[in-house]
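This report refers to the structure that appears directly beneath it.
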Amino acid sequence: MLDTLGDLKRTQYCGSLRASDADTDVVLMGWVHRRRDLGQLIFIDLRDRAGIVQVVFNKEQHPEAHAKAEELRSEFVVAVEGHLLRRGKSNPDLPTGEIEVLATRLHILNNSKTPPFQIEDEVTASEETRLRYRYLDLRRPRPRRNIELRHRVIFEIRMALDELGFFEIETPMLTRSTPEGARDYLVPSRVHHGQFYALPQSPQIFKQILMISGMDRYFQIVRCFRDEDLRADRQPEFTQLDLEMSFPRQRDIFEAIERVMERACAVVGVQAKGPFRHLDYKEALRRYGSDKPDLRFGMELQEVTAFFETVRETLRLEGNVQAVVAPGAAAWSRKQLDELAEVAKLAGARSVYTVKITAEGITSPLEKNLGADGLKKLTEAVGAKAGDLIVAAAAKEQIAHSDTSLGVAGQIRLYLGDKLNLIDRNKWEFLWITGFALFEWSENEKRWVSAQHPFTGIVEEDLDKLETAPWECRSKGYDLVLNGVELGSGSIRIHRPDVQARMFKALGLSDEQAKQRFGFFLDALTYGTPPHGGIALGLDRTVGLLAGEKSIREVIAFPKTTAAQDLMAESPSEVDTSQLDDLGIAITGDDK
Ligand code: ASP
């Protein structure tokens, strides 16, 4: 027979009890984490969201409670009334290790089946099992801590933005397509057969309309939906910190985000301090081979194409050659060098060369091509010293006017930084990237597409090139990067209807198409639109970094798998035919 909660009231969380609470009566509630039966004495570890405390049932002193404790099994839900005592011998592994509860009464509130895995941080279960039983997984300390951290970060963001005068405003989930470059999730309308809502890829258009509405400063912690083929660390629904300001200078937006990030980092005791560094997009590529460079270590790229000109034919080199100097890697073994070459090839390198600099001299497979003198010149030019390894890579140009060798060398740099332990894990290197191009050439579509989205502002002096030389137009966009991870992007927007209309045209939309897709927005722009701009940051990713987790799934209460499935709720799932009939939808094709 199970007991009822009745009028029992919990006095404290198990995990919050300390020696200073000793000699008081307590009422605790939680789950049986573990039970040890020593005959006269039964011990249980009682667990709640704050942690674990030891409870003792003494047969002599409280026979009734002791008898009941014999029935306890893992994950049973109980209420314990008792007296808090100092332990004779404390347990240094537990924050509550100096005390224990002598139980006077036990109430068994619920039973539990044997869980499929132990509720411990060292879980051996697969991620699939963990996600299927996510409610048990979340009872483990680490996921619980991550969820609490997420709450604290969001709470700080809300306070920081409130202090800066931002209003939190909700925008619709059932809406129409927003162009962020992914496929839409569609929701069929029952009332209007054949018509669909789209779930928002972002609240972009709505937040711009809020600026037209005079709201001046908007933010939202908002769910966004993008139907993409999922890569490792993507989710079909994810959360953004989205914001927009009227009449902003670029630095006003940066400052707002810097305040937010300072507060968010302080939650985990990290001191971030604005203003964050700025780097031009082209410079980031040239120096780090990435538009999201990890600045926790140096090892900048050095272009060494000139040293290879005489042997270009012999080595069948295509494109530029970039080099990095890896400190201490001259001692690398054949196997380590082979692995490095493999990584470089996977990154797209056509050729990879290494030069070892040791106290005895310079050795390299390139010696027969460049000669001892050539090697020496190269070594001097890149500033390599004894003990260093020069790694040079060449790659063929993939996209017109873009230097593929930079991206390749950028990946080599990251690999070496990791292998050589050059990355200081205690550093938090925020960085603003600016100076992006407005358009990218899409090989698939054979046309210019927005590098970000079609509402991104154009540097005024480039407006005239919108029709004639789109590739030369610079955008007013920016990205925020932390430790080599892109946290998000934003821009100062187009606020003039004539410019927005020209932009749609430049993107290949006819007047008719632009009107059909964005007519309401183009209309709104004609009623006194203030200059405005904003940004959106990936909240899952931000919290993931603060929590020190590799996967954003670890900081989302109910994440989906890389196959976009919720294993616990078993979604997506089939629906009743009557539901489909209501919507006027028939399933066709091979799946049915
Ligand atoms: N809507 C953009 C995005 O989701 C961000 C922005 O431009 O504010 O990436």
Any residue at all in segment 485-493 that's more than 14 Å from the ligand (Cβ to nearest atom), out of contact with any His (no Cβ under 9 Å at 6 or more places or on another chain) and under 30 Å from ILE423 (Cα atoms)? yes
Within the bounds of segment 382-389, is there any residue that is modelled with pLDDT of 90 or more, under 26 Å from ASP291 (Cβ atoms) and surrounded by fewer than 15 Cβ atoms within 10 Å (Cβ to Cβ)? yes
So, in segment 441-454, of the ones that are modelled with pLDDT of 85 or more and out of contact with any helix residue (DSSP H, G or I) (no Cβ under 9 Å at 6 or more places or on another chain), which residue ends up surrounded by the most Cβ atoms within 10 Å (Cβ to Cβ)? GLN452
Which one of LEU406, LEU378 is under 30 Å from ILE458 (Cβ atoms) and more than 24 Å from the chain's Cα centre (by Cα)? LEU406
Which numbered condition trips up LEU438, out of (1) within 16 Å of the ligand (Cβ to nearest atom); (2) over 30 Å from LYS427 (Cα atoms); (3) surrounded by fewer than 22 Cβ atoms within 10 Å (Cβ to Cβ)? (3)
Looking at segment 238-246, is at least one residue in a helix (DSSP H, G or I), of a type in the set (D, E, K, R) and in contact with a helix residue (DSSP H, G or I) (Cβ under 7 Å, 6 or more places away or on another chain)? no
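Residues are listed down the side, and each one gets a yes or a no for (1) among the basic types (Lys, Arg); (2) out of contact with any Gly (no Cβ under 7 Å at 6 or more places or on another chain); (3) modelled with pLDDT of 95 or more:
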{"residue": "PHE206", "(1), (2), (3)": "no, yes, yes"}
{"residue": "ARG223", "(1), (2), (3)": "yes, yes, yes"}
{"residue": "ALA232", "(1), (2), (3)": "no, yes, no"}
{"residue": "LEU295", "(1), (2), (3)": "no, yes, yes"}
{"residue": "GLU309", "(1), (2), (3)": "no, yes, no"}
May I ask you to verify whether ALA125 is of a type in the set (Gly, Ala, Ser), touching a residue at least 60 places away in the same chain (Cβ under 8 Å) and over 15 Å from PHE43 (Cβ atoms)? no
Candidate set from segment 178-199 (those that are of a type in the set (A, V, I, L, M) and away from the ligand (no atom under 14 Å from the Cβ)); member that is nearest to VAL260 (Cα to Cα): ALA198
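Quickly run through segment 122-143 and pick out the residues that are acidic (Asp, Glu) and either over 16 Å from LYS550 (Cβ atoms) or at pLDDT 95 or above (or both). Even if it seems obvious, please write down each step before you answer.
To start, the set of residues in segment 122-143 that are acidic (Asp, Glu) comprises 122, 127-128, 137.
Selection gives GLU122, GLU128, ASP137.
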Go through (1) at pLDDT 95 or above; (2) part of a loop (DSSP other than H, G, I, E, B); (3) surrounded by 15 or more Cβ atoms within 10 Å (Cβ to Cβ); (4) more than 16 Å from the ligand (Cβ to nearest atom) and name the single condition GLY269 misses. (3)
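Tell me whether segment 523-536 contains one or more residues that are under 30 Å from HIS193 (Cβ atoms), more than 16 Å from the ligand (Cβ to nearest atom), of a type outside the set (A, V, I, L, M) and more than 14 Å from the chain's Cα centre (by Cα).
The initial filter retains those residues of segment 523-536 that are under 30 Å from HIS193 (Cβ atoms), namely 523-524.
Filter again for more than 16 Å from the ligand (Cβ to nearest atom), leaving 523-524.
Narrowing the set further to residues that are of a type outside the set (A, V, I, L, M) leaves 523.
Subset that is more than 14 Å from the chain's Cα centre (by Cα): 523.
Checking segment 523-536: at least one residue is under 30 Å from HIS193 (Cβ atoms), more than 16 Å from the ligand (Cβ to nearest atom), of a type outside the set (A, V, I, L, M) and more than 14 Å from the chain's Cα centre (by Cα).
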Qualifying residues in segment 272-311 (those that are in a loop (DSSP other than H, G, I, E, B) and of a type in the set (A, V, I, L, M, F, W, C)) - the one farthest from the chain's Cα centre (by Cα): VAL304
Of those in segment 455-473 that are surrounded by fewer than 18 Cβ atoms within 10 Å (Cβ to Cβ), within 34 Å of the chain's Cα centre (by Cα) and closer than 20 Å to PRO248 by Cα, the residue nearest to the ligand (Cβ to nearest atom) is VAL459
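Condition check ((1) more than 12 Å from the ligand (Cβ to nearest atom); (2) hydroxyl-bearing (Ser, Thr, Tyr)) across all residues:
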position: MET173; (1), (2): yes, no
position: ARG176; (1), (2): yes, no
position: GLN201; (1), (2): no, no
position: SER213; (1), (2): yes, yes
Take segment 506-522 and flag every residue that is crowded, with 19+ Cβ neighbours inside 10 Å and away from the ligand (no atom under 16 Å from the Cβ). ALA506, ALA514
So the check is Cβ under 6 Å with 6+ separation or different chains; which pairs have a first residue in segment 179-205 that's closer than 19 Å to GLY519 by Cα and a second one that's among the small types (Gly, Ala, Ser) and more than 16 Å from the ligand (Cβ to nearest atom)? GLN195/SER189
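If you check ALA349, ALA323, which single one turns out to be part of a loop (DSSP other than H, G, I, E, B) and crowded, with 19+ Cβ neighbours inside 10 Å? Before you say what the answer is, go through the steps one by one.
Working: ALA323 fails: part of a loop (DSSP other than H, G, I, E, B).
Residue meeting the stated conditions: ALA349.
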So in segment 489-505, with the set limited to residues that are surrounded by 20 or more Cβ atoms within 10 Å (Cβ to Cβ) and touching a strand residue (DSSP E or B) at 6+ places or on another chain (Cβ under 8 Å), which one is nearest to LEU431 (Cα to Cα)? SER489
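Out of everything in segment 56-96 that is of a type in the set (A, V, I, L, M, F, W, C) and touching a residue at least 60 places away in the same chain (Cβ under 8 Å), what residue ends up being surrounded by the fewest Cβ atoms within 10 Å (Cβ to Cβ)? Break it down stepwise before answering.
Just the residues of segment 56-96 that are of a type in the set (A, V, I, L, M, F, W, C), to begin with: 56-57, 65, 67, 69, 72, 76-80, 84-85, 94.
Retained after the next criterion (residues that are touching a residue at least 60 places away in the same chain (Cβ under 8 Å)): 79, 84-85.
Working: ALA79: 21, LEU84: 22, LEU85: 14.
Checking each candidate, the answer is LEU85.
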Counting only residues that are more than 18 Å from the chain's Cα centre (by Cα) and among the charged types (D, E, K, R), which one in segment 215-257 is nearest to the ligand (Cβ to nearest atom)? GLU244
Between LEU416, LEU431, which is in a strand (DSSP E or B), within 30 Å of VAL270 (Cα to Cα) and more than 16 Å from the ligand (Cβ to nearest atom)? LEU431
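With more than 18 Å from GLU168 (Cβ to Cβ), crowded, with 20+ Cβ neighbours inside 10 Å and not charged (D, E, K, R) as the only criterion, which of GLN208, GLN220, GLN204, GLN235 stands out? Working first, answer last.
Working: GLN208 fails: more than 18 Å from GLU168 (Cβ to Cβ); GLN220 fails: more than 18 Å from GLU168 (Cβ to Cβ); GLN204 fails: more than 18 Å from GLU168 (Cβ to Cβ).
After applying the criteria, what remains is GLN235.
Regarding segment 24-42, can at least one residue be identified that is among the charged types (D, E, K, R), touching a helix residue (DSSP H, G or I) at 6+ places or on another chain (Cβ under 7 Å) and surrounded by 13 or more Cβ atoms within 10 Å (Cβ to Cβ)? Step through it out loud before you land on a result.
Here is the first cut: in segment 24-42, the residues among the charged types (D, E, K, R) are 25, 34-37.
Keeping just the survivors that are touching a helix residue (DSSP H, G or I) at 6+ places or on another chain (Cβ under 7 Å) gives none.
Taking every residue of segment 24-42 in turn, none turns out to be among the charged types (D, E, K, R), touching a helix residue (DSSP H, G or I) at 6+ places or on another chain (Cβ under 7 Å) and surrounded by 13 or more Cβ atoms within 10 Å (Cβ to Cβ).
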Scan segment 541-592 for residues that are in contact (Cβ under 8 Å) with a residue 24 or more places away in the chain and more than 30 Å from ASP233 (Cβ to Cβ) and report the count. 4
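The values are calculated or read from the model by the stated rules, or taken from the named source; none is laboratory data. Because the structure is predicted, anything quoted here is derived from the model rather than measured. Cβ coordinates were reconstructed from backbone atoms using ideal geometry, including for glycine residues, and neighbour counts include every protein chain displayed.
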